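See structure below.
Nothing in this text is a laboratory measurement; each read-out follows from the coordinates by a stated rule. Everything numeric here is computed off the predicted structure, so don't read it as measured data. In this analysis, Cβ positions are derived from the backbone assuming ideal geometry, glycine residues included, and neighbour counts consider all displayed protein chains.
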Amino acid sequence: MRFVDEADIWVVGGKGGDGIVSFRREKFVPKGGPDGGDGGQGGDVVLKASSQMRTLLDFRYKRHYRAQDGDRGGPNCRTGKRGSDVVLLVPVGTVVKDEKGEVIADLEKDGDFVVVARGGRGGYGNAHYATPWRQAPQYAKKGKEGEARHIFLELKLLADVALVGLPNAGKSSLLNRISSAKAKVADYPFTTLVPNLGVVELKDGTRFTVTDLPGLVEGASSGAGLGIKFLRHCERAPLLVHIVDVGCSQNPVADLRAIEKELKTYGHDLLERRKIIVANKVDVPGSAIWVEVLREEAIKQGLGFFAISARTGFGVAELVQAMANLVVKG
């Protein structure tokens, strides 16, 4: 399934039904009074979060949505039928914004919903206007148009742990090892083009989710590389795990600081989140010296540190247990 995390759509509430002009016409009631009913309310357009949805892909193919109009009123003071709502399912974690970029709703839980376009009110029938001095009104009111809006949808993945690092640091390899995810792995930058999400299950029944974000590069917070488009997927993760390549990188400490700089520039308190520094590819000859340098850097910052090989599995179990302790057990 193609991953799409942004969409803009047009939504219109249903028009309210028209009220009608009608008079009682019954046997033995030669001069019946007005009995024109009111029009029905127009339907609403509703966005509802569903755990069954994973992407905003559907909104790339259909971008205009209109709820059903209300029915016109009927004789005998019958109110017209209300128009049916249009309920659009979106992934959990979808943020809804208006044209000015202001947040309308943040659908964080399964079942959360928001009405984004309300239907118009039905018009009054002539029975509504009857008074002692106006006993046979000959007019009724038309229904109002529904609300029309242009809205923007942004998906921010809901994950307990976000793996961050430069391209080719081994994030996807680690995700594949600790979960059932099938993230693409290859020996070239930007193998990961979309966020991957995996569920980690421990023997004691502990479960948590991990997302592998596309590799960041210098200037990512300003849109360089795959940059700012995916940094927002870190916003909901309470734990960030910095994966640093100590086997192939020429300066792993500089790599670590480059990522920290982008997180700080992006904002949203990402740099203040709980973090773990992970030295990956320790199975590569010559990596030991960089492991010790990174360990000292982690101690200096007061952060947890683990040396692993995502390829062989060395040190991974201890890292996973540390993740669980931080995000599940607090």
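Could you compute the longest span of the chain free of GluC sites (Glu not before Pro) located in DSSP loops and having at most 10 other Cβ atoms within 10 Å, not counting the site residues? For GluC sites (Glu not before Pro) (loop position, at most 10 other Cβ atoms within 10 Å), the longest site-free span of the chain is 103-330. Modelled label positions at VAL103 and GLU318, each set 7 Å beyond Cα in the direction of Cβ, lie 3.9 nm from each other. With both partners inside the chain, how many of the DSSP beta bridges are antiparallel, as a percent to the nearest 5? Of all bridge pairs located within the chain, approximately 50 percent are antiparallel. Comparing Cα centroids, region 118-141 and region 43-72 end up 33 angstrom apart. Taking label positions 7 Å along the Cα-Cβ direction at both ILE299 and PHE152, the computed distance is 4.7 nm, reported to one decimal.
Across region 58-64, coupling constants 3J(HN,Hα) worked out from phi with the 6.51/-1.76/1.60 Karplus curve, θ = phi - 60°, read 4, 7, 7, 9, 10, 10, 10 Hz, and Gly and Pro carry x.
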